[in-house]
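One structure is given below, encoded as structure tokens.
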Amino acid sequence: MRTDTGKTVFLKDYAPTPYRAPHTSLMFALHPTRTVVRATTLYEPVGGGPLELAGDGLSLMAAELDGAPLDESAYEATPDRFVLKAPPAEPFALTLVTVVSPDDNTELMGLYRSNGVYCTQCEAEGYRRITYAYDRPDVLSVYDVFVVSDAEGEQVLLSNGNLVDRKVSGGRLTAHWHDPFPKPTYLFALVAGDLGAVTDEFTTMSGRKVELNIYVERGKEPRATYAMDALKRSMVWDETRFGREYDLDVFNIVAVSDFNMGAMENKGLNVFNDRYVLADPDVATDQDYAGIETVIAHEYFHNWTGNRITCRDWFQLCLKEGLTVFRDQEFTSDERSRGVKRIADVRRLRAAQFPEDASPLRHCVRPNRYDEISNLYTSTVYDKGAELIRMIHTMIGEPRFRAGMDDYFARFDGTAATVEDFIGCFSIPDPGAFMRWYEEPGTPRVKVAEAFKDGRYTLELTQVPAEGASVKPIPVRLALLTDTGAIDPAKATVTGGEIGTGHIVLTDRVTVTVNRLNAAPIASVMRGFSAPVTIERAPDEARDLTLIAKDDDPFTVWDAVQRLALSAMQARYDGAAIDETPLAAALGTLAANAGHEPAFRALALILPTRQALIEAIGQNVDPDRVDTAHQGLGASLGEKMRDVLARLHGAPLPPADDVSADAAGQRALRNAAMQLLASAGDTGRAMAQAKNATSMTDRLAALGALAFTNAGEADEALATFAREYDHEPLVLDKYFAMEAMRPDAEALDRVRRLMEHPKFSLKTPNRVRSLIGAFAQNVAAFHRADGSGYRLVAEVAKSLDKSNPQVAARLLTSFSDVRRFDAPRREAAADVLADVLQTATSSDVVDIARRLTAKG
């Protein structure tokens, strides 16, 4: 394993390599503990000098130059570095033979085995754990890969590209794969094992036939049919919306149970965490189905935004990830509901990225430095990165955005590009100013001020940049609502900002004025959440109630509900008296309005999170009072809305095997109503549903209603559930997470007991995330006054630092909001993190611990 803490890498220091590597041939002789890798790479001199290649824990067996053995004096080789001292001045072939042990690879980077299946994960720097190479994204190579196993052993032998040949000779099975498209090392993949498959075919828009395969554990093939359907819909959508056609003869997906990430877009051979492939109504929820659809689409869309055009360096990670997240968001919006999807994305952004942007872990969307690249796979890069693409789309409109994308594909296909390359393809008025979104961290604020006098209405929007940042262009979608509808924009006078189609571009300050009005309009600001900013506006219950009743923008309606609910929750936290009846009445009317989509109404019924309340309070937060306030508001609204909630929960159930968006919305609405009723003490409905549910969605929702309201029946119901699904790993993950998230005093002891459960293992990332990761999101339990919650998570992180540092580092990010709590908790967390920093050996963990403990 790596024991160095790495060194800081700076964007300003980027330089191309002195050698190109246009072709690579790899031969793998598979063995669980001694896989021999023979890598022959053609190098072409560009600048000359020594050839320096990266490795990570490698054992070099042989080295050849143009087929002849190299004298040991001609090179230097350590486990982490290979240097050819005096390469030829003409193109040459360097062959390096290494040996690796897949079974001993607990970091799940490079070549490893998952339940007997060989698989790889090379992004970002895993390829160097297989062989020495220019392991960086700007070196593109055409690959030929030969995978060799015993003829009686692994029968599925996969790599990137198209299958050239498959033959048995001398008791050995060999598969030869050729990928004609140059790619960087991080996109290399290999899978070998005894796997079942779901197969299909897709005809591209030019008439080419593409073979589609999804490989899974034998016996689970029926659970991959939805993933196959999602793949085919993704392929159609990318042709229609972006004009992108698939380019190989075959597209393969493999699902494995041990995987650090959600999925990986390796060219022609996507490798997935099996939670994003396997589903049927008995074991998967509607949320699981939606997640599968999103992740399948995301990885497929990477074929063009990530693979055909990759990143020049890892600082440009947002170029492929932010853009591809935007594309998968648009896919889901077109396939399901645009309004519901937008709200879901904003919830994710506010829950993860906004806190990250205000924490010691904050960084730019395109950073200018990093210590450990694995720690930059963050919400800022992915989610905020997608918001920046969306702002471009908002400011220039769909036709010009599509034209810009076409230009990007035409100009940069087959290259490693930068953010500047991408921005240069779009007609943005001030690209230099827009680049500040990429180059500066933090969340801007927009202050809203209104005045109405003598028939004259004035709306003033003022930008307040984040600390240390500068003013940026902010597209603000806006409508002024009256009793007779929205005011015609032509009647408004705008000063200080550019006017677009349905939006204003705010820089420093914008003033909107409308004359000759009988009454002040209601300003619907930041419609569709048109920019990743926070809005500062004087509280006004009447205004928000009007927006809930009259606005036609789903996001602004939902956001008005959130503001009122958060205000009520904060009043409870402060011990202040507030009348919650108007909120309950408005919410009840909204929830009962069949003119709204069921999924939208369900989102409206979900209370703001505890994390949202913590962010609103700001400093010296008491997590126990947060829990009390959150549960108290749920109980109050559940009681006040009892009749309408009971009617919603009593609505007819769609068939369990109907996993359409409409059916999912109906179930979500019923279950959101049930949750509020349970909060008010009506747990009988949840108990009955837990016993009689015919879908995992409804059963899990019922169990959650019992567990998260501390119902007396919860223990028995959860124990029964765990026994029934003891043989289903993905369902057990849900059980572990639910137990860890229960908001009661026993949470810490319960988690420690579950760590001794025979089905819990630190070697399985999904299980660690479901128990320890979920516990770290349990506000009162993780932030216990005695620091025991911190110590538990730190203990696990320290254990994983030695075996899977990526997962360990992710766990430590849970400490990023400790600064918001009182001094004793901050001190307890600081002591725990100091201990982690003292003992950590991996660059992943050292990087996070150091940033969390840095002063200032």
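The values are calculated or read from the model by the stated rules, or taken from the named source; none is laboratory data. Computed from a predicted model, the values in this text were never measured in an experiment. As a convention, Cβ positions derive from the backbone with ideal geometry for all residues, glycine included, and neighbour counts pool all protein chains shown.
Descriptive notes on the structure:
- Of all the listed residues (Leu800, Leu837, Leu852, Leu833), the sole one being under 28 Å from Pro608 (Cβ atoms), in the same structural domain as Phe736 (by TED's automatic domain parsing) and part of a helix (DSSP H, G or I) is Leu852.
- Members of the range 685-719 found to be of a type outside the set (A, V, I, L, M) and either modelled with pLDDT under 95 or not in a helix (DSSP H, G or I) (or both), listed by number: Thr694, Ser695, Phe708, Thr709, Asn710, Gly712, Glu713
- Test: residue in the range 526-546 that is touching a helix residue (DSSP H, G or I) at 6+ places or on another chain (Cβ under 6 Å), within 30 Å of Pro623 (Cα to Cα), assigned to a helix (DSSP H, G or I) and without any contact (Cβ under 8 Å) to a residue 60 or more places away in the chain: yes
- Residue within the range 155-172 that is over 24 Å from Tyr246 (Cβ atoms), modelled with pLDDT of 95 or more and buried (at least 19 other Cβ atoms within 10 Å of the Cβ) present: no
- When Thr98 is tested against (1) among the β-branched types (Val, Ile, Thr); (2) crowded, with 21+ Cβ neighbours inside 10 Å; (3) touching a Lys or Arg at 6+ places or on another chain (Cβ under 7 Å), only condition (3) is not met.
- Any hit, the range 230-240, residues being over 22 Å from the mean Cα position of the chain (by Cα) and within 30 Å of Ser761 (Cα to Cα): no
- Exactly one residue among Leu26, Leu60, Leu42 is in contact with a His (Cβ under 6 Å, 6 or more places away or on another chain) and part of a strand (DSSP E or B), and that residue is Leu42.
- One residue stands out among those in the range 623-652 that are within 19 Å of Pro743 (Cα to Cα) and of a type in the set (D, E, K, R): the one that is surrounded by the most Cβ atoms within 10 Å (Cβ to Cβ), which is Asp627.
- Qualifying position, being farther than 20 Å from Val381 by Cα and either aromatic (Phe, Trp, Tyr) or out of contact with any His (no Cβ under 9 Å at 6 or more places or on another chain) (or both), among Ala433, Ala451, Ala416: Ala451
- Of the candidates Ala89, Ala133, the single residue that is among the small types (Gly, Ala, Ser), surrounded by fewer than 21 Cβ atoms within 10 Å (Cβ to Cβ) and over 25 Å from the mean Cα position of the chain (by Cα) is Ala89.
- When Ala565, Ala584, Ala560 are screened for being more than 25 Å from Thr285 (Cα to Cα) and free of Cβ contacts under 8 Å to residues at least 24 places away in the same chain, only Ala560 passes.
- Among the conditions (1) in contact with an Asp or Glu (Cβ under 6 Å, 6 or more places away or on another chain); (2) crowded, with 24+ Cβ neighbours inside 10 Å; (3) farther than 28 Å from Pro137 by Cα, Glu299 misses just one, which is (3).
- Members of the range 656-684 found to be small (Gly, Ala, Ser) and either assigned to a helix (DSSP H, G or I) or farther than 15 Å from Lys640 by Cα (or both), listed by number: Ala656, Ser660, Ala661, Ala663, Ala664, Gly665, Ala668, Ala672, Ala673, Ala678, Ser679, Gly684
- Checking Glu756 against (1) under 26 Å from Asp258 (Cβ atoms); (2) surrounded by fewer than 18 Cβ atoms within 10 Å (Cβ to Cβ); (3) touching a Leu at 6+ places or on another chain (Cβ under 8 Å), the condition it does not meet: (3)
- Residue under evaluation Arg223, criteria (1) buried (at least 21 other Cβ atoms within 10 Å of the Cβ); (2) in a strand (DSSP E or B), criterion not met: (2)
- Those residues of the range 424-470 which are aliphatic (A, V, I, L, M) and either more than 23 Å from Gly306 (Cα to Cα) or free of Cβ contacts under 8 Å to residues at least 24 places away in the same chain (or both), in sequence order: Ala433, Met435, Val446, Val448, Ala449, Ala451, Leu459, Leu461, Val464, Ala466, Ala469
- Taken together, the criteria exclude Ala612 from residues that are surrounded by fewer than 18 Cβ atoms within 10 Å (Cβ to Cβ), out of contact with any Asp or Glu (no Cβ under 9 Å at 6 or more places or on another chain) and more than 16 Å from Gln675 (Cα to Cα).
- Answer residue from the range 491-530, given it is of a type in the set (A, V, I, L, M, F, W, C) and exposed (fewer than 15 other Cβ atoms within 10 Å of the Cβ) and is nearest to Leu481 (Cα to Cα) among those: Ala519
- Some residue of the range 598-618 being within 29 Å of Ala780 (Cβ to Cβ) and free of Cβ contacts under 8 Å to residues at least 24 places away in the same chain: no
- All of Ala673, Ala661 fail the test of being modelled with pLDDT of 95 or more, more than 21 Å from Gly632 (Cα to Cα), in the same structural domain as Gly632 (by TED's automatic domain parsing) and surrounded by 14 or more Cβ atoms within 10 Å (Cβ to Cβ), apart from Ala661.
- Qualifying residue in the range 194-214 (condition: surrounded by 15 or more Cβ atoms within 10 Å (Cβ to Cβ), assigned to a helix (DSSP H, G or I), of a type outside the set (Gly, Ala, Ser) and modelled with pLDDT of 95 or more): no
- In the range 65-79, the residues that are of a type in the set (Gly, Ala, Ser) and surrounded by fewer than 11 Cβ atoms within 10 Å (Cβ to Cβ): Gly67, Ala68, Ser73
- Every pair of residues 6+ apart whose Cβ atoms lie under 7 Å, when the first sits in the range 20-32 and is surrounded by fewer than 22 Cβ atoms within 10 Å (Cβ to Cβ) while the second is among the basic types (Lys, Arg) and assigned to a strand (DSSP E or B): Met27/Arg38; Pro32/Arg113
- Hey, Asn307 surrounded by fewer than 24 Cβ atoms within 10 Å (Cβ to Cβ) and either under 19 Å from Asn213 (Cβ atoms) or at pLDDT below 95 (or both) or not: yes
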